[in-house]
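Q: I'd like to ask you about the structure that follows.
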């Protein structure tokens with residue numbers, strides 16, 4: 001726990017500094033995280049028997065991230081994604097075992113889409129509704145405030161699930177994927193993300209009652225993102241996605257919840273928040 005706390009202390013401040021700097025720095029950080037996450041995901045897929053192409057998967061993930069972040073408004077992103085799928089399919093022709101070749105082709109396409117969904121965090125800032133002058137965090141700017149809210153929602157779920165799960169978690173939740181998860185941990189995480197959503201929406205000048213929907217939604221999807229990566233690691237026989245962050249594993253271990261949560265949060269904001 002001490003190592004995890006020290007690693008978080010080193011990881012969180014730079015993220016908040018880059019967020020405070022805004023674009024293009026925040027988008028650049030997300031691009032780096034997407035590329036590293038794609039690299040780690042290809043390693044896991046290879047361990048699971050899917051020989052994904054690392055370079056093509058990284059390029060595809062960056063293209064998907066750009067498309068997600070822009071809402072499909074990039075000039076060449078969609079064509080680049082298509083090119084990655086085509087080239088990875090052509091490369092698979094060289095594999096004598098067609099099952100292996102097909103697995104590699106599918107693995108490369110999967111990693112591109114999976115890691116690229118992290119671009120949804122940038123999209124949150126792009127679609128963020130303006131803050132009223134009376135909003136408590138009006139000085140932060142709409143893009144920074146909404147991105148920070150989504151980050152805090154995911155972190156609060158993770159913290160609430162961990163603390164309550166350690167204290168009360170006897171009955172396990174989907175233990176065949178992640179033995180550490182418990183039903184009480186899930187409840188604690190959802191309660192924490194809901195409380196943060198209520199307070200956070202009030203802070204950005206929106207009806208606080210909407211937090212009763214946003215908090216559980218983002219919390220549940222964040223849990224699904226964590227479980228999805230756990231399933232990938234279990235299939236690969238790996239404890240962590242990498243070793244870049246002491247006590248935390250790899251970058252994918254840190255952003256797995258955001259991969260699912262950020263696009264869903266962006267969809268919620270675009271559809272329901274005015």
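Please treat every number below as a calculation from the coordinates, not as lab data. Nothing here was measured: the structure is a model prediction, and the numbers come from that model. Glycine also receives a Cβ, built like all others from the backbone with ideal geometry; neighbour counts cover every protein chain displayed.
Q: Against the longest alpha carbon principal axis of the chain, how many degrees, from 0 to 90 and to the nearest 10, is the axis of helix 183-203 turned?
A: Helix 183-203 and the main axis of the chain meet at about 60 degrees.
Q: Over all distinct alpha-carbon pairs, what is the Kirkwood Rh of segment 178-265 in angstrom?
A: On the way: mean 1/r = 0.0714 Å⁻¹.
After inverting the mean inverse Cα-Cα distance, the result is 14.0 Å.
Q: Which distance in Å, rounded to a whole number, links the C-alpha centroids of segment 55-107 and segment 144-215?
A: Distance between centres, Cα-based: 33 Å.
Q: Have a look at 238, 31, 63 and tell me which one the Gaussian network model of the chain (Cα, springs below 10 Å) gives the largest fluctuation.
A: Evaluated over the chain, the most mobile residue of the options is 238.
Q: Evaluate the distance, in nm, between pseudo-label points positioned 7 Å from the Cα of residue 46 and of residue 32 along their respective Cα→Cβ axes.
A: Each label point is offset 7 Å from its Cα along the Cβ direction, giving 2.4 nm.
Q: Now, a different point. Would you kindly calculate the translational diffusion coefficient of segment 82-203, applying Stokes-Einstein with the Kirkwood radius from alpha carbon pairs, for 4 °C and a viscosity of 1.567 mPa s, and quote it in µm² s⁻¹ without decimals? Please list the in-between numbers first.
A: Working: Rh = 17.9 Å.
It comes out at roughly 72 µm²/s.
Q: Rounded to the nearest 0.05, what FRET efficiency do residue 208 and residue 270 have when you use their Cβ-Cβ distance and R0 = 30 Å?
A: On the way: r = 20 Å, r/R0 = 0.66.
After rounding to 0.05, the efficiency reads 0.90.
Q: Hey, any idea what Rg/Rh is for segment 1-156, computing Rh the Kirkwood way over Cα pairs? Could the numbers behind the result be given before it?
A: Values: Rg = 18.4 Å, Rh = 17.1 Å.
Rg/Rh: 1.08.
Q: Using a basic spin-label model with each label point 7 Å from the Cα along Cα→Cβ, how many nm lie between residue 18 and residue 132?
A: 3.4 nm
Q: May I pose another question? Most fluctuating residue of 20, 262, 41 in a GNM of the chain with Cα springs under 10 Å: which is it?
A: For the chain, modelled as a Gaussian network with Cα springs under 10 Å, the answer is 20.
Q: May I ask you to list the residues of segment 247-273 whose amide nitrogen lies under 18 Å from a point 7 Å from Cα along the Cα→beta-carbon direction of residue 234?
A: 253, 256-257
Q: Now for a different question. With the contact rule set at Cα under 8 Å and sequence spacing of 6 or more, what percent relative contact order holds for the chain? List each step's numbers first, then the result.
A: Values: 476 pairs, mean separation 57.2, N = 274.
Relative contact order of the chain: 21 percent.
Q: Then there is this: Taking each pair of distinct Cα atoms in segment 2-272 once, what is the resulting Kirkwood hydrodynamic radius in Å?
A: Values: mean 1/r = 0.0520 Å⁻¹.
Result for segment 2-272 stands at 19.2 Å.
Q: Separate question: Under a crude label model (7 Å from the Cα following the beta-carbon direction), how far is residue 83 from residue 95 in nanometres?
A: Once both label points are built, they end up 2.3 nm from each other.
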